[in-house]
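To start, the structure under review is shown below, and the notes come after it.
The values are calculated or read from the model by the stated rules, or taken from the named source; none is laboratory data. Since this is a predicted model, take the numbers as computed values, not measurements. Backbone-built Cβ (ideal geometry, glycine too); neighbour counts: all protein chains shown. We work out accessible area using only protein heavy atoms, side chains counted, and drop any ligands, DNA or RNA first. Shrake-Rupley method; radii C 1.70, N 1.55, O 1.52, S 1.80 Å.
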Amino acid sequence: MTRHFPCPCLDQRVNVPPMRRSMVFALLAALVVPLRAQAQISVQLTMERDALMLFESIPVVANVHNFSGRTVELADDNQTSWLNFLVSDEAGATISPVGKRLAFDPVKIAPGRTVNFTIDLLPHYDLRQHGTFIVRGVVNGDGAHALSSPIKFSIIGGREVWKQTVGLRVAAGDTNEDYRTYALISRRAEHSEVLYASVQDDPHKLVYGMIPLGEAISVGDPTVMLDNEGHLHVLFRSGPRSHSYAEVDPDAKVVKRAVYSDILSVPQLVAEVDGTVVVRGGEQTYPRFERVMTDQELKPPPPPPEKPPKKKWWWPFGPNKAQPATNASASSATATNRPPDNTWTGS
């Protein structure tokens, strides 16, 4: 047998004291406001590529949108940043932050507007091993809280093509020797090979960077030279008739990029007598040289004066044309050309 228990809230009116009633309303407001605030801000993460080389930069774009009807102001406090990330491996283990804490300038987002931020995760999180990882963005500030959907990326390895260690030039009065280990690494992309330059300091176990140099055609090995400043120079075939060139300094910064065509001649790396390395031959197609105009081109001579117009002759036959016959000659010609008279006179 089913037993029913009376419910006071349904069967009879309960009188709540005013003070307790205000406490209930405050509790309900505290529960409702966070739900409303969560709908004011949204954050979405995007990545250009989901497969990256070990020690390559890991750029993530955070798109923060304001859905509310007021301007939202986001700013860091003394302990946390208004934009943070939750990074974990494929098994769910949290990847701990490293290096400096993330910090962003204060931002104001107008109603219905979106702001974008690009962050490199590599200096801020321990992502220095192969594997698959998951990242989510978190926004906190101005009473709002938002959590993005997770995105997945992988850190992979490649095939080492070339490697060499070089000593850097020692400054005057300095006895500490510094070395760099340069390496060229090839990674198989969807339809081509991508060539990377790695810069490391093996004695101090430092990695300065992994720099993508561009797509390469697997026709011959790239040409590599080191100059007297310890800069890396790489020339490789990037197309059927094109060669790409890159110069990388010991801090893993790209000093110069160029593309050459081999239609007229084949570009080559050449070491000069002073220890510098230059590209000889070929036709540089990117960036194109800006030709400086000469003074003669900037200030061309005035055009020659125009020829005077031809004199108009109102006589229809012109000055050198034959004149028409006079009336007398015309009468003579008419008389001469007159047909013979058919009248016959006898003798």
Qualifying strands (runs of 3 or more DSSP E) (wholly inside region 144-263; at least 2 residues being within 26 Å of the chain's Cα centre (by Cα)):
151-156, 179-188, 193-201, 206-216, 232-239, 242-248, 254-261
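Confirm whether GLY69 is modelled with pLDDT under 95, within 22 Å of ASP126 (Cα to Cα) and not aromatic (Phe, Trp, Tyr). Working first, answer last.
Details: modelled with pLDDT under 95: yes; within 22 Å of ASP126 (Cα to Cα): no; not aromatic (Phe, Trp, Tyr): yes.
Against the criterion (modelled with pLDDT under 95, within 22 Å of ASP126 (Cα to Cα) and not aromatic (Phe, Trp, Tyr)), GLY69 does not qualify.
What tally of residues in region 227-241 results from selecting those that are among the polar types (S, T, N, Q) and surrounded by fewer than 18 Cβ atoms within 10 Å (Cβ to Cβ)?
Result for region 227-241: 1.
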Cβ pairs under 7 Å, 6+ apart, first in region 95-114 and touching a residue at least 40 places away in the same chain (Cβ under 8 Å), second of a type in the set (Gly, Ala, Ser) and loosely packed, with under 10 Cβ neighbours inside 10 Å:
PRO111/GLY69
Here is a check on your reading of the model: is SER88 assigned to a loop (DSSP other than H, G, I, E, B), open to solvent by less than 60 Å² (accessible area, probe 1.4 Å) and of a type in the set (Ser, Thr, Tyr)?
no
If a residue must be polar (S, T, N, Q), at pLDDT below 90 and open to solvent by 30 Å² or more (accessible area, probe 1.4 Å), how many such residues does region 168-202 contain?
2
For a quick check of your reading of the model, give me the residue pairs whose first member lies in region 165-176 and is touching a residue at least 12 places away in the same chain (Cβ under 8 Å), whose second is outside any loop (DSSP other than H, G, I, E, B) and open to solvent by 70 Å² or more (accessible area, probe 1.4 Å), with beta-carbon atoms closer than 9 Å and at least 6 apart or on different chains.
THR165/TYR179; VAL166/TYR179; GLY167/TYR179; LEU168/TYR179
Identify, by number, the condition in (1) surrounded by 14 or more Cβ atoms within 10 Å (Cβ to Cβ); (2) acidic (Asp, Glu); (3) touching a residue at least 24 places away in the same chain (Cβ under 8 Å) that ASP249 doesn't meet.
(3)
Region 252-285 - residue that is open to solvent by 80 Å² or more (accessible area, probe 1.4 Å) and of a type in the set (D, E, K, R) and, of those, farthest from PRO222 (Cα to Cα):
ASP274
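Quick one: which of ARG338, ARG291 is modelled with pLDDT under 95 and under 30 Å from ALA246 (Cα atoms)? Step through it out loud before you land on a result.
On the way: ARG338 fails: under 30 Å from ALA246 (Cα atoms).
The unique qualifying residue is ARG291.
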Determine the pairs where a residue that is within 19 Å of VAL107 (Cα to Cα), located within region 125-150, has a partner that is surrounded by fewer than 20 Cβ atoms within 10 Å (Cβ to Cβ) and among the acidic types (Asp, Glu) with Cβ atoms under 8 Å apart, the partner being 6 or more residues away or on another chain.
GLY141/GLU73; ASP142/GLU73
Qualifying positions in region 294-308 - at pLDDT below 80 and either outside any loop (DSSP other than H, G, I, E, B) or open to solvent by 100 Å² or more (accessible area, probe 1.4 Å) (or both):
ASP295, GLN296, GLU297, LEU298, LYS299
Condition first: within 26 Å of the chain's Cα centre (by Cα) and open to solvent by less than 60 Å² (accessible area, probe 1.4 Å). Now tell me which residues in region 113-132 satisfy that.
VAL115, PHE117, ILE119, ASP120, LEU121, LEU122, HIS124, TYR125, LEU127, THR132
Please enumerate the residues belonging to region 198-228 that are closer than 21 Å to ASP251 by Cα and aliphatic (A, V, I, L, M).
VAL199, LEU206, VAL207, MET210, ILE211, LEU213, VAL224, MET225, LEU226
Evaluation of GLN79 against (1) more than 17 Å from THR118 (Cα to Cα); (2) part of a strand (DSSP E or B) (one fails), failing number:
(2)
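One residue is enough: does region 157-165 have a residue meeting the conditions of a type in the set (Lys, Arg), over 25 Å from SER42 (Cα atoms) and open to solvent by 30 Å² or more (accessible area, probe 1.4 Å)?
Checking region 157-165: at least one residue is of a type in the set (Lys, Arg), over 25 Å from SER42 (Cα atoms) and open to solvent by 30 Å² or more (accessible area, probe 1.4 Å).
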Residues (open to solvent by 60 Å² or more (accessible area, probe 1.4 Å) and in contact (Cβ under 8 Å) with a residue 60 or more places away in the chain) located in region 60-85:
GLU73, THR80
Somewhere in region 121-138, is a residue modelled with pLDDT of 95 or more, outside any loop (DSSP other than H, G, I, E, B), over 13 Å from ILE58 (Cβ atoms) and among the aliphatic types (A, V, I, L, M)?
yes
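Would you pick out the residues in region 91-107 that are modelled with pLDDT under 95 and loosely packed, with under 15 Cβ neighbours inside 10 Å? Lay out the reasoning, then the answer.
Filtering region 91-107 down to residues modelled with pLDDT under 95 leaves 91-92, 96-107.
ALA91, GLY92, SER96, VAL98, GLY99, LYS100, ARG101, ALA103, ASP105, PRO106, listed by residue number.
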